[in-house]
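Report on one structure; see the data block that follows.
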Amino acid sequence: MQTIVDNPDRAFLECVISEARFDIPLELTAGLSALSARLVKGQPGTVELSFEAPATTIQGNGVVCGGTLMTMLDYAMAFAVLSKLPCGQTCATTSITVNMQAAARPSLLKAVASVERVGRQIAFAKAELYDPQRELLVASASATFLVMAVNRFQAA
């Protein structure tokens, strides 16, 4: 009998979304911890995350660097896709397009991501990054993700 291996991030999202546990820290990876990421709310296919850019990501002119903003958007879209996948499946970003709309000062930022479609091998998602009051659109993104079995990464 083969044991089903799961992506721990996907399993975590399934658990907290099904139990409606929100506004919780996302300390699943060092990157999420460094960004003080939190799951604000979610449902399968849609998540809202909050982030705080660390001082190491601030440019000389006092705004958050674009790479950090892109990372926040990528995390949000990946989590939205993971929240739609069944046990044993995972995803990986294959293409991402980010449009910067406004400079982001070091503060709490919120990313809202949703899945447009999940196919057999490819998923499509979009996200927007806002200031805490969701009055200023900082950046928007769209991405495609490869959908695959987690056990694809295990040695035979």
**Q.** Residue among Phe22, Phe124, Phe51, Phe12 that is over 24 Å from Met148 (Cα atoms) and either among the acidic types (Asp, Glu) or free of Cβ contacts under 8 Å to residues at least 24 places away in the same chain (or both)
**A.** Phe22
Q: Spot the failing condition for Lys41; the list is (1) on the phi < 0 side of the Ramachandran plot; (2) modelled with pLDDT under 95; (3) not aromatic (Phe, Trp, Tyr), and only one is missed.
A: (2)
Q) If you take just the helices (runs of 4 or more DSSP H) that sit entirely in region 1-101, which of them hold at least 3 residues that are among the small types (Gly, Ala, Ser) and within 23 Å of Val115 (Cβ to Cβ)? A) 66-82
Q: Evaluate region 64-78: report whether one residue or more is touching a residue at least 60 places away in the same chain (Cβ under 8 Å), in contact with a helix residue (DSSP H, G or I) (Cβ under 6 Å, 6 or more places away or on another chain) and within 24 Å of Arg10 (Cβ to Cβ).
A: no
Q | Residues being without any contact (Cβ under 8 Å) to a residue 60 or more places away in the chain and outside any loop (DSSP other than H, G, I, E, B) - total across region 102-117 | A | 4
Q | In region 109-137, residue farthest from Val64 (Cα to Cα) [restricted to those that are at pLDDT 95 or above and polar (S, T, N, Q)] | A | Gln121
Q: Would you mention how many residues in region 131-143 are assigned to a strand (DSSP E or B) and either surrounded by fewer than 20 Cβ atoms within 10 Å (Cβ to Cβ) or without any contact (Cβ under 8 Å) to a residue 12 or more places away in the chain (or both)?
A: 3
Q: Select from region 26-67 the residues that are of a type in the set (D, E, K, R) and under 11 Å from the mean Cα position of the chain (by Cα) and list them in ascending order.
A: Arg38, Glu48
Q: Select from region 46-63 the residues that are within 14 Å of Ala139 (Cα to Cα) and out of contact with any strand residue (DSSP E or B) (no Cβ under 6 Å at 6 or more places or on another chain) and list them in ascending order.
A: Val63
(Q) Among the residues of region 75-98, what is the count of those that are buried (at least 19 other Cβ atoms within 10 Å of the Cβ), closer than 15 Å to Arg152 by Cα and among the aliphatic types (A, V, I, L, M)? (A) 0
(Q) Criterion first (touching a helix residue (DSSP H, G or I) at 6+ places or on another chain (Cβ under 6 Å) and among the hydroxyl-bearing types (Ser, Thr, Tyr)) does Ser142 satisfy it? (A) no
Q. Is it fair to say Thr71 is over 24 Å from Ala20 (Cα atoms) and of a type in the set (Ser, Thr, Tyr)?
A. yes
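The values are calculated or read from the model by the stated rules, or taken from the named source; none is laboratory data. From a predicted model like this one, the values you see are computed outputs, not experimental measurements. Methodologically, a virtual Cβ is constructed for each residue, glycine included, from the backbone with ideal geometry; neighbour enumeration extends over all protein chains shown.
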